[in-house]
Amino acid sequence: MFRVDPSRCRGCGACASVCPAGAIEFVGGKARINPSLCVGCGACARICPAGAIRPAFQPPPTQPVEEIKTRLISLSARIRELRGRVERVAERLKKEGAR
Ligand code: SF4
Ligand code: SF4
């Protein structure tokens, strides 16, 4: 989502005026985004004259290594199966073309 850098915020209120979710409140004259209301549209960041609103860092979802390995194994088996099918079709077409 997005977050406000309070050291840059001038308290102008432009962000709150465009927020469709009513997610921006003011604390001590500085804007603050309520993450449970923010829908991540980015309107506030685009309108902020001070460049005080930036996307908040979100770590990528982690997948357990074992789950990734299992998926890769099943994908490579599927690829082998498809390759076999393609080779059989190519062989059949070749024979039909030779007649
Ligand atoms: S638009 Fe920017 S400077 Fe104005 S209140 Fe919002 S965060 Fe602060
Ligand atoms: S990203 Fe959109 S919903 Fe979230 S605080 Fe900014 S204007 Fe509101």
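Every number here is computed from the coordinates shown, using simple stated rules; none is lab data. Computed from a predicted structure; not experimentally measured. Note: ideal-geometry Cβ built from the backbone for every residue, glycine included; neighbour counts use all protein chains shown.
May I ask for the net charge around Leu72, where only other residues with Cβ less than 14 Å from the Cβ of Leu72 are counted and Lys, Arg are +1 while Asp, Glu are -1?
+2
Below 8 Å between Cα atoms, with a sequence gap of 6+, how large is the relative contact order for the chain in percent?
Answer for the chain is 28 percent.
Set Lys and Arg Cβ to +1 and Asp and Glu Cβ to -1, take the dipole of the chain about its Cα centre, and tell me which of Gly51, Pro64, Gly11 lies farthest positive.
The residue sitting farthest along the positive end of the dipole is Pro64.
Could you tell me whether the stretch 2-99 comes out rounded, prolate or oblate from its Cα gyration tensor? Rule is a ≥ b ≥ c as square roots of the eigenvalues, rounded for a/c under 1.5, then prolate if a/b exceeds b/c, otherwise oblate.
Prolate, since a/c reaches 1.5 and a/b exceeds b/c.
So if I place +1 on the C-beta of Lys and Arg and -1 on the C-beta of Asp and Glu, and nothing else carries charge, what would the dipole magnitude of the stretch 59-99 be about its Cα centre? I want it in debye, nearest 20.
Details: 11 positive and 6 negative charges, 74 e Å.
So the magnitude is around 360 debye.
If I build a Gaussian network model for the chain, linking alpha-carbon pairs within less than 10 angstrom, which residue out of Pro61, Pro20, Pro49 has the largest mean-square fluctuation?
Pro61
Using amide H atoms built in the peptide plane, which far-off residues or other-chain residues are under 5 Å from Arg54 H to H?
Arg3, Asp5
Once a ≥ b ≥ c are taken as the square roots of the eigenvalues of the Cα gyration tensor of the stretch 6-52, is the result rounded (a/c under 1.5), prolate (a/b larger than b/c) or oblate (a/b not larger than b/c)?
Numbers: a/c = 1.82, a/b = 1.28, b/c = 1.42.
Oblate, since a/c reaches 1.5 and b/c is not below a/b.
In degrees, nearest 10, range 0 to 90: what is the angle between the Cα axis of helix 65-98 and the longest Cα principal axis of the chain?
Once rounded, one gets 40 degrees.
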